[in-house]
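The values are calculated or read from the model by the stated rules, or taken from the named source; none is laboratory data. These numbers were taken from a predicted model, which means no experiment stands behind them. Virtual Cβ from ideal backbone geometry, glycine too; neighbours counted across all protein chains shown.
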Amino acid sequence: MPKAESTSPADPKKRRVTPRRSAGSRLIEQQGLIIAAIEAGSTDYVAAQAVAGISPRAFRELRQRTEGRHPTRGATPELTEFFAEVDKAIARATMKQEIVVADTDPKHWLKYRARSKPGLEGWTEPVPEESETQDPIHVMSADELQQIVSTLLASGAVELPPCPDPSCTCSCHGVRGEEGEAE
């Protein structure tokens, strides 16, 4: 009787090989669960790792691609849409927590979230308008700077070191004599 071929998964000839899926495709496949986890309070990269098995580094690189910050690769439309939904989920989760804080500890919420802003009343001390708090900064022109430097040199408040070049005839050092001393 001939020996039957092995059909066990350990047999390399019979093993089914599934193609490896990219991190981006795994994120998109699991988008619903990742968004739900973020809305429940998870951080985006932790949700991606727990649900789709994406490392935080790979998640960061995919985010960089969608924001145009990756040095070599661009984003696909699917990735761009995915991260737009992630950003919306983060905003919804933040809003949900702000509402909880406002309900459970209104003083804290009023003090830290509803702060006064320049020109806008809030629940903290009024903040003066920006124009009231900042003096205009004066930027010198090249002529003004030249005049100040010339005045400092002429008054002797600032001295320039002698040029190392013995044949220098610049106006700051004067004409040098035979021994290299300024005249």
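Name every residue in the range 54-110 that is surrounded by 15 or more Cβ atoms within 10 Å (Cβ to Cβ) and not in a helix (DSSP H, G or I), in order of residue number.
Matches in the range 54-110: I54, H70, A75, T76.
Please work out if A114 is surrounded by 14 or more Cβ atoms within 10 Å (Cβ to Cβ), touching a Gly at 6+ places or on another chain (Cβ under 8 Å) and not assigned by TED's automatic domain parsing to the domain that holds A48.
So A114 fits the description; yes.
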